[in-house]
Amino acid sequence: MKEFHGRLHKKYYYMIVSFIIVLMMAGLLVDNQVNSRFVVHGVMIFIISICLLIYPWFENTWVRYMTIISSTGYFYTLFYLYPETWSGFVLLCFIPALSILFFDKWLFYFSLVINLAFIAVTFGYIGFVDKGQDYPYIYTDLIGNLVNFLASQVLLYFIFHLTNLRIQKQRVYYEQVQQAERMRTTGQLAAAVAHEIRNPLTVVNGFLQFYVEDPAFNQSQKQNFALMMNELDTAEHVISQFLSVSKPDNVEKVDNVDIEMVLKDVTELLNMYGLLNDNGIDLYVEKDCHVAANSIELKQLFINLIKNAIEASPHSGSVEVKAAKVKGHVCIQIIDNGRGMSQEEVKNLGTPFYSLKSKGTGLGLMICYNIVEKYNGGIQFDSEPGHGTTVTLKFPLVPN
């Protein structure tokens, strides 16, 4: 998710960054003698200022890592340039705290590792080379200072870990609220559709059935009536699907379903569909993958997702379908090598009437989300533009 959506956020960000840069410049000008130390200090301020100023325009991983690296270099530069200032060591202890602001787990671990590596070199230098000449306040209690430094890193790790857990819980809660809102909206739409459209369709279908039995019409006309009745049945089926999204049938028969058998049936059914564009389906299923569900609904779920993967795949491409037991769950993956999706597109999947197809309605994925939730499962889309999409389904494993 982008962090700077509007001018207001950028305005506050630049106000804070400008204040930080002014403080760094003030720290530089205190040592007003223009010498090598002054120049090195000024260069480091320039580098970190550039990283902070360009971040809102890119907001990518590389800029974040460059910001952390330049910040680490800046604080260690201050520590070595001004050995008489004991507060420099305190700043070294809190370098990983900067990465917490980005809420990036791997960035924090990276910052923690490089800080530990740098401090190991620093204490080695003080203990074996400097020997208290420039850093007497550290050398006199080298072990104690090292223990204090390590304790500060452990403290920062726990702060980050607890913060990250809370953010993850809030993110899950936010997604659940979004999904509940989607289902509520769809339920209201379904009720309106069923009331306003279903009754007229039933009347029209009844008259067509009457005309089919009427001897006044010839066989050719009756064939046209049969075709119209089939189309009305299709419309009735779509409306029933719409209603199943908002009011799922919780009394549906639940069996011990063998995922291998269901996936084999579905892939055999869709193989002919894939051959239209020379697309194949590669199936890899581990034995004894059983879940408690309704087999018909599971087939509907897999048909929707595998059909989407086939349609997203390029000509002569293949779709991989894998199923395996993972930590008490059955994990099913449907992998295509199509155009992929952006994070914004993935975020909107399952929204009523949102579809990436030119004639899509988004109803198929709404049904998929509903079926997965009904059987206490989970569904996740991992995609990147140009690198295809992986759909991961998880259902509780039940014994055979």
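The values are calculated or read from the model by the stated rules, or taken from the named source; none is laboratory data. Everything numeric in this text was worked out from a predicted model, so none of it was measured. Note: ideal-geometry Cβ built from the backbone for every residue, glycine included; neighbour counts use all protein chains shown. These accessible areas exclude ligands, DNA and RNA; they are computed on the full protein's heavy atoms, side chains included. Shrake-Rupley method; radii C 1.70, N 1.55, O 1.52, S 1.80 Å.
How many residues are more than 24 Å from VAL326 (Cβ to Cβ), open to solvent by 20 Å² or more (accessible area, probe 1.4 Å) and assigned to a loop (DSSP other than H, G, I, E, B) when one looks only at region 273-313? Before you say what the answer is, go through the steps one by one.
Taking region 273-313 first, the residues more than 24 Å from VAL326 (Cβ to Cβ) are 273-280, 296, 307, 310-313.
Checking the rest, the ones that are also open to solvent by 20 Å² or more (accessible area, probe 1.4 Å) come to 273, 275-278, 280, 296, 307, 311-312.
The next check asks that each one be assigned to a loop (DSSP other than H, G, I, E, B); those that pass are 276-278.
Total meeting the criteria: 3.
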Any chance region 330-338 includes a residue that's loosely packed, with under 15 Cβ neighbours inside 10 Å, outside any strand (DSSP E or B) and not polar (S, T, N, Q)? no
List pairs: first in region 364-386 and under 15 Å from HIS329 (Cα atoms), second among the hydroxyl-bearing types (Ser, Thr, Tyr), Cβ under 7 Å, 6+ apart or cross-chain? ILE379/TYR369; GLN380/THR392
Name the residue, out of VAL90, VAL22, VAL39, that is closer than 19 Å to TYR157 by Cβ and more than 36 Å from the chain's Cα centre (by Cα). VAL90
By residue number, the members of region 270-329 that are free of Cβ contacts under 8 Å to residues at least 12 places away in the same chain and of a type in the set (S, T, N, Q) are ASN271
Just one of (1) under 23 Å from ASP278 (Cα atoms); (2) in contact with a helix residue (DSSP H, G or I) (Cβ under 9 Å, 6 or more places away or on another chain) trips up SER316, so point out which. (2)
Please verify whether LEU156 is closer than 22 Å to ARG37 by Cα and surrounded by 15 or more Cβ atoms within 10 Å (Cβ to Cβ), treating the condition exactly as stated. no
The one condition GLN176 fails out of (1) at pLDDT 65 or above; (2) over 30 Å from VAL291 (Cα atoms); (3) open to solvent by 40 Å² or more (accessible area, probe 1.4 Å); (4) part of a helix (DSSP H, G or I) is (2)
Tally of residues being among the aliphatic types (A, V, I, L, M), open to solvent by 60 Å² or more (accessible area, probe 1.4 Å) and closer than 17 Å to ILE16 by Cβ across region 49-98: 3
Between residues in region 330-351 that are closer than 30 Å to PRO399 by Cα and residues that are of a type in the set (Ser, Thr, Tyr), which pairs lie under 8 Å by C-beta distance while being six or more apart or on different chains? CYS331/THR392; ILE332/THR392; GLN333/THR390; GLN333/THR392; ILE334/THR390; ILE335/THR389; ILE335/THR390
If MET261 passes every condition in (1) open to solvent by 80 Å² or more (accessible area, probe 1.4 Å); (2) at pLDDT below 75 but one, which one does it miss? (2)
Could you pull out the residue among ILE167, ILE126, ILE197 that is at pLDDT 90 or above and open to solvent by less than 80 Å² (accessible area, probe 1.4 Å)? ILE126
Of all residues in region 47-106, how many are modelled with pLDDT of 90 or more, in a loop (DSSP other than H, G, I, E, B) and of a type in the set (A, V, I, L, M)? 1
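Scanning region 131-151 for residues that are part of a helix (DSSP H, G or I) and not hydrophobic (A, V, I, L, M, F, W, C), which turns out surrounded by the most Cβ atoms within 10 Å (Cβ to Cβ)?
Of all residues in region 131-151, those part of a helix (DSSP H, G or I) come to 136-139, 142-151.
Those still in the list that are not hydrophobic (A, V, I, L, M, F, W, C) too: 136-137, 139, 144-145, 148.
Working: PRO136: 14, TYR137: 12, TYR139: 16, GLY144: 10, ASN145: 19, ASN148: 13.
Checking each candidate, the answer is ASN145.
Looking at the structure I just gave you, is PHE110 closer than 16 Å to LEU156 by Cα, open to solvent by 30 Å² or more (accessible area, probe 1.4 Å) and not in a helix (DSSP H, G or I)? So that I can check it myself, show each step before the final result.
Working: closer than 16 Å to LEU156 by Cα: yes; open to solvent by 30 Å² or more (accessible area, probe 1.4 Å): yes; not in a helix (DSSP H, G or I): no.
Spelling it out, it is not the case that PHE110 is closer than 16 Å to LEU156 by Cα, open to solvent by 30 Å² or more (accessible area, probe 1.4 Å) and not in a helix (DSSP H, G or I).
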Exactly one of these conditions fails for MET44: (1) closer than 23 Å to LYS10 by Cα; (2) in contact with a Ser or Thr (Cβ under 8 Å, 6 or more places away or on another chain); (3) hydrophobic (A, V, I, L, M, F, W, C). Give me its number. (1)
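Take the residues of region 364-389 that are within 20 Å of GLY338 (Cβ to Cβ) and touching a Phe, Trp or Tyr at 6+ places or on another chain (Cβ under 7 Å): which is least open to solvent (accessible area, probe 1.4 Å)?
Residues of region 364-389 within 20 Å of GLY338 (Cβ to Cβ): 364-365, 368, 379-389.
Still in the list and also touching a Phe, Trp or Tyr at 6+ places or on another chain (Cβ under 7 Å): 379, 389.
Values: ILE379: 37, THR389: 13 Å².
Here the answer is THR389.
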